[in-house]
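Notes for the one structure printed next.
The values are calculated or read from the model by the stated rules, or taken from the named source; none is laboratory data. This one's a predicted model, so the numbers in the text were calculated from it and none came from an experiment. All Cβ positions, even for glycine, are placed from backbone atoms using ideal geometry, and neighbour counts span all protein chains on display. The accessibility values were calculated without ligands, DNA or RNA, using every heavy atom of the protein model including side chains. Shrake-Rupley method; radii C 1.70, N 1.55, O 1.52, S 1.80 Å.
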Amino acid sequence: MSLGELQVLGACPLDCPDTCSWVVTVRDGEAVKMRGNPDHPYTRGALCVKVNRYLEHTRAPDRILHPMRRVGPKGSGRFERISWDEALEEISVRLRGIIDEHGGEAIWPYLGTGTLGYVQGSEGMAGRRFWNVLGASKHFLNICSTAGNIGLARTNGTAGGMDPETFALSKLILLWGTNTLTSGHHLWKFIQEARAAGAHVVAIDPIRTRTAEQADEHLPIRPGTDAALALGLLNVVLSEGAEDRDYLENHTSGWEGFRAEILRHPPERVAEITGLPESDIRALGVRLAHTRPTGIRATMGIQRHAGGGTAMRTIAAIPGVTGDWRRPGGGVAYSTTAYFHLNIDSREDLLAAPVRQLTMTRLAEGLDESVKCLWVYAANPMGSTSAQERVREKLLREDLFTVVMEQFPTDTVDYADIVLPATMQTEHTDLHAGYGHMYLMWNEPAVEPPGECLSTMETFRRLARHMGLTEPSLYDSDLELAEQLLASGHPSLEGVTVDRLRKEGWVRLNVPQPFVPFADGFPTPSGKLEFGPGPAYVPSHTASAERGPYPLALITPASHTFLNTTFGNNPELLRRSKGPLILVSPADAAQRGLSDGQRARVFNDNGEFEAVVEVSDRVRPGVVASTKGHWRKLSPGGATVNAVVDERDADMGRGAVYHDNLVELSPCASRRRT
Ligand SMILES: Nc1nc2c(c(=O)[nH]1)N[C@H]1C(S)=C(S)[C@@H](COP(=O)(O)OP(=O)(O)OC[C@H]3O[C@@H](n4cnc5c(=O)[nH]c(N)nc54)[C@H](O)[C@@H]3O)O[C@H]1N2
Ligand SMILES: Nc1nc2c(c(=O)[nH]1)N[C@H]1C(S)=C(S)[C@@H](COP(=O)(O)OP(=O)(O)OC[C@H]3O[C@@H](n4cnc5c(=O)[nH]c(N)nc54)[C@H](O)[C@@H]3O)O[C@H]1N2
Ligand code: SF4
Ligand SMILES: [Mo]
């Protein structure tokens, strides 16, 4: 180690279940190397194809380094550099004017998932104290996982399930609506451990993803019919007499009604609904009946559908019937967030009067005349949100004052009136929790911010000071905020302090290992797993709607090379994405005169985007698939997948329906590859 060389421990801030521990080598004040922490039990020394480029990204030539004011028309992306003082002054005057004339509720603080940090980002609702002092509208951050959270909580009382590390102990693993090798690959090592001990791995996904390719078996289910499959599998479990009667009697409620629902779903009926061969359903049902423990990894794919919350709820019932919730390696793993009992104190008492809530997944609808300021931070709604064209029209409103805190000139930045330069993870302090593991993570800044970039909380502190706000808690430092977060008094955090985290980098929650969450009952009102009431299967839009002029079901999951729209501007990752691509089955391609490598228009009544056709049997006829993450201004045709996604709600939590839309395809006039 040379003089002046340091190893700084940090955590990946991105919206990914793995929340990796990283080690940054800093030489003479510059970050020269970043690697996955070999000592962290979940990271195990590896980052991923995206974050391997994180340091390169922090130094990218298009990084925003200074505050800017719009000079061109909205949407033009033309700005002039201004000082922080000018920016804070202009913002203060505009916010005061809006509050005086229209009230604080005319401000929409639109916080996204660019960082999940508890101090600087979405998990701790960063900035909420400031917004409460101003009386701004609340923001319902439901874009990602709310439908599934609610669905699971209806059954189990919480969305927290298995500790993903216990998959190493499973004997049958169902990867259900999850693309592990793309969207959180660190779980794979635990799956491989289970396999080495004889486990059988089944992927249930309409697409033959890279994960499905690596599984022992793949069931290419018709989108949005998973709850029916769950009922069909349980039907076989009952035929085999393999239900755990003792568990059902002592730890569940509503079994009689749910049993009747299961009996209405024999494999032959479920085969019709799901488009899967009856023999495959029976075979998997028999395997499920006789393999203890069965671990089900079901992440966010399924709940991005009209019936997605219900589907997660019904899948959560499976280990209630087999009794697998008793066993390490048995159960369902969705998200571990619920286990981190941090003290998120956004100080509701600072609100002078109750305020309305605006919904993240309903940006186009919500941005009506009553909203005069849209404040976007750690979010890129022009790329990530449904009804892209309608959102764009709203962002063009001359009477809307739009502030964007950003690291990069995203598609959303183009519509800003004021742009504020934001730090990246190596440049600020934060506290994180994995949503796919059980560790609290510390992120120590490794380097000074470049240019005039400021962290989220430092920006709010400076703005509060500029506006003359007197509430003392607005000025708490990042370390004070972290201490407050840890001070919940919950037993799982006993002995976890900021000092210890700064020293060790990460700490596992105080829970037994292996962790069997529902060994002593469920956090429901009855203390039992609740099978009912309510429907067990709600078909998706694409499974139930008239096909009409748009006969193809479009799925738009995670891209391997981007993280949401983050990295969409990294030239190497963009090149490796080979996209925007759209997977089309040979039959559907032939019917439309589309050939491999040709550019197609993908369209419906919401709008259209262009993509290069990949003719492939990785999707079943009637289904097409693209990915999220591309930038509009870097895409041919200047629009992306969300141009065709409806602003329509899932069945629970007003979740978005990214995988549940109908489209048609036609060849583009030009045959040029992008
Ligand atoms: N590389 C990469 N990693 C990421 C992300 C990224 O953008 N890129 N995004 C991050 C974020 S924000 C999140 S929330 C997670 C999301 O990652 P996941 O939880 O994996 O969710 P999705 O990618 O939306 O969908 C997962 C799988 O569900 C399948 N699917 C879609 N509809 C259905 C259905 O009806 N039934 C079944 N059985 N399967 C279906 C899709 O084909 C896809 O393969 O990943 C995180 N990790
Ligand atoms: N079609 C389709 N669309 C989807 C999905 C899908 O499956 N299909 N998935 C949805 C899901 S799961 C999610 S979570 C959403 C994500 O949607 P968003 O929350 O909009 O997330 P990103 O698109 O990653 O944009 C985050 C932005 O935050 C910026 N950022 C990162 N860190 C910081 C910071 O510390 N400070 C500030 N000020 N900015 C920062 C990044 O540069 C980036 O531009 O997208 C959704 N969109
Ligand atoms: S995106 Fe996920 S896999 Fe990649 S470094 Fe971050 S936490 Fe790890
Ligand atoms: Mo997400």
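Quick notes on this one:
- Matching residues, segment 550-587, being touching a residue at least 40 places away in the same chain (Cβ under 8 Å) and among the basic types (Lys, Arg): Arg576
Let's see how each residue does on (1) in contact with a Pro (Cβ under 8 Å, 6 or more places away or on another chain); (2) under 14 Å from Asp417 (Cα atoms); (3) among the β-branched types (Val, Ile, Thr):
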residue	(1), (2), (3)
Asp18	no, no, no
Val26	no, no, yes
Met34	no, no, no
Ala46	no, no, no
Arg63	yes, no, no
Gly72	no, yes, no
Asp85	no, no, no
Ile91	no, yes, yes
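- Some residue of segment 362-371 being assigned to a loop (DSSP other than H, G, I, E, B) and under 19 Å from Ile150 (Cβ atoms): no
- Enumerated helices (runs of 4 or more DSSP H) restricted to segment 528-596, each holding at least 1 residues that are within 16 Å of ligand 3 (Cβ to nearest atom) and surrounded by 21 or more Cβ atoms within 10 Å (Cβ to Cβ): 571-577
- Scanning segment 1-40 for residues that are under 21 Å from Arg500 (Cβ atoms) and either away from ligand 2 (no atom under 16 Å from the Cβ) or open to solvent by 30 Å² or more (accessible area, probe 1.4 Å) (or both) turns up Leu6, Gln7, Val8, Leu9, Ser21, Val23, Val24, Asn37, Pro38, Asp39, His40.
- Flag for Ile296 being buried (at least 23 other Cβ atoms within 10 Å of the Cβ) and within 16 Å of ligand 4 (Cβ to nearest atom): no
- Only listed residue being among the aliphatic types (A, V, I, L, M) and surrounded by fewer than 23 Cβ atoms within 10 Å (Cβ to Cβ), chosen from Ala364, Ala422, Ala378: Ala364
- The listed residues are Leu88, Leu55, Leu47, Leu111, and the only one of them that is within 16 Å of ligand 4 (Cβ to nearest atom) and either touching a Gly at 6+ places or on another chain (Cβ under 8 Å) or in contact (Cβ under 8 Å) with a residue 60 or more places away in the chain (or both) turns out to be Leu111.
- For Glu406, the test of being touching a residue at least 40 places away in the same chain (Cβ under 8 Å) and closer than 30 Å to His102 by Cβ is passed.
- The residues of segment 386-419 that are hydrophobic (A, V, I, L, M, F, W, C) and either part of a strand (DSSP E or B) or open to solvent by 20 Å² or more (accessible area, probe 1.4 Å) (or both), listed by number, are Leu396, Phe401, Val403, Val404, Met405, Ile418, Val419.
- Selection of segment 16-45 for residues being outside any strand (DSSP E or B) and within 8 Å of ligand 3 (Cβ to nearest atom) yields Cys16, Pro17, Asp18, Thr19, Cys20, Thr43.
- Of the helices (runs of 4 or more DSSP H) lying entirely inside segment 161-277, the ones with 1 or more residues being more than 21 Å from Ala316 (Cβ to Cβ) are found at 180-183, 187-196, 210-214, 226-239, 267-274.
- Criterion violated by Thr274 - all others in (1) under 16 Å from Gly323 (Cβ atoms); (2) under 31 Å from the mean Cα position of the chain (by Cα) satisfied: (1)
- Positions within segment 604-615 being touching a residue at least 40 places away in the same chain (Cβ under 8 Å), touching a Leu at 6+ places or on another chain (Cβ under 8 Å) and open to solvent by 10 Å² or more (accessible area, probe 1.4 Å), in sequence order: Asn604
- Of the candidates Ala194, Ala230, the single residue that is buried (at least 17 other Cβ atoms within 10 Å of the Cβ), out of contact with any Cys (no Cβ under 8 Å at 6 or more places or on another chain) and closer than 12 Å to Leu175 by Cβ is Ala194.
- Those residues of segment 504-527 which are without any contact (Cβ under 8 Å) to a residue 40 or more places away in the chain and open to solvent by less than 50 Å² (accessible area, probe 1.4 Å), in sequence order: Gly527
Condition check ((1) within 16 Å of ligand 3 (Cβ to nearest atom); (2) open to solvent by 10 Å² or more (accessible area, probe 1.4 Å); (3) aromatic (Phe, Trp, Tyr)) across all residues:
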| position | (1), (2), (3) |
| --- | --- |
| Ala242 | no, yes, no |
| Glu249 | no, yes, no |
| Gly257 | no, yes, no |
| Ser279 | no, yes, no |
| Arg287 | no, yes, no |
| Ala311 | no, no, no |
| Asp324 | no, no, no |
| Tyr334 | no, no, yes |
